[in-house]
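Presented below is the structure to which this report refers.
The values are calculated or read from the model by the stated rules, or taken from the named source; none is laboratory data. Owing to the predicted nature of the structure, the values given are computational and were not obtained by experimental measurement. Every residue, glycine among them, receives a Cβ derived from its backbone with ideal geometry; neighbour counts consider all protein chains shown. Please note that ligands, DNA and RNA were not included when accessible areas were found on the heavy atoms of the full protein model with its side chains. Shrake-Rupley method; radii C 1.70, N 1.55, O 1.52, S 1.80 Å.
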Amino acid sequence: MAAPPSEARTGVVIRRAGPDDAASIWRIYNEGIEDGLATFASGRATLAEVEAWFREQRFAALVAELYRQAVGWTSLGPYREGPAFDGIAELAVYVDRTWRRHAVGHLLVEAALAEARARGLYKVLGYLLEQNLSSLKLVEKLGFRVVGLHHRHGPARERAANVVVVEKLL
């Protein structure tokens, strides 16, 4: 059997994540919190919080591995509650600091979009901090469009960040 396109190009293997991946996802997520480019969360997440994500019926996650080591993850989470929103998912992507700018995020988003299509979703949304230029360039390259800007969004603080809202119709 031929290697999936991502593996053939880069050695990165993208696979479905399960509860056994919670510790790796937790580690990478906490790096994102510390760096302040991908989330408003200001305190480290607990492992129990990440483990709880896997109990959410509408949550789906993928892990990127290189040399059998998790180097990133992506998730499709519920956008809003209620059947009117069942065809829409919110996308999250986090990449290990060491592997940023090595196509891991690109491969993860491509795989998440394929997963969304396979699940019958019709739209994927993302919320990006305005200063996260790498992620903004990535989603633009993958066909997302900017649909809005939340000014001074997130926790109340002196310099609250603007959040760019993007979407991709599938």
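For (1) touching a His at 6+ places or on another chain (Cβ under 7 Å); (2) buried (at least 20 other Cβ atoms within 10 Å of the Cβ); (3) in a loop (DSSP other than H, G, I, E, B), each residue gets a yes or a no:
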residue: ALA64; (1), (2), (3): no, yes, no
residue: GLY72; (1), (2), (3): no, yes, no
residue: ARG80; (1), (2), (3): no, no, yes
residue: ALA84; (1), (2), (3): no, no, no
residue: ALA114; (1), (2), (3): no, no, no
residue: LEU125; (1), (2), (3): no, no, no
residue: LEU128; (1), (2), (3): no, yes, no
residue: GLU140; (1), (2), (3): no, no, no
residue: GLY148; (1), (2), (3): no, no, no
Report yes if LEU108 is closer than 26 Å to ALA45 by Cβ, hydrophobic (A, V, I, L, M, F, W, C) and modelled with pLDDT under 95, otherwise no. no
For segment 98-112, how many residues meet the condition of being farther than 17 Å from TYR29 by Cβ, among the aliphatic types (A, V, I, L, M) and in a helix (DSSP H, G or I)? 2
Residue by residue through segment 19-61, note down the ones that are hydrophobic (A, V, I, L, M, F, W, C) and closer than 22 Å to HIS153 by Cβ. ILE33, LEU37, ALA38, PHE40, ALA41, ALA45
Which of the residues belonging to segment 93-105 are touching a Ser or Thr at 6+ places or on another chain (Cβ under 9 Å) and either without any contact (Cβ under 8 Å) to a residue 24 or more places away in the chain or open to solvent by 40 Å² or more (accessible area, probe 1.4 Å) (or both)? VAL93, ARG100, ARG101, HIS102, ALA103
I'm checking my understanding of the structure. Among residues of segment 150-170 that are assigned to a loop (DSSP other than H, G, I, E, B) and of a type in the set (A, V, I, L, M, F, W, C), which one is modelled with the lowest pLDDT? ALA156
For segment 1-21: of the residues being open to solvent by 80 Å² or more (accessible area, probe 1.4 Å) and assigned to a loop (DSSP other than H, G, I, E, B), which is modelled with the highest pLDDT? ALA2
Do we have any residue at all in segment 37-58 that's at pLDDT below 90, surrounded by fewer than 20 Cβ atoms within 10 Å (Cβ to Cβ), among the hydroxyl-bearing types (Ser, Thr, Tyr) and under 15 Å from the mean Cα position of the chain (by Cα)? yes
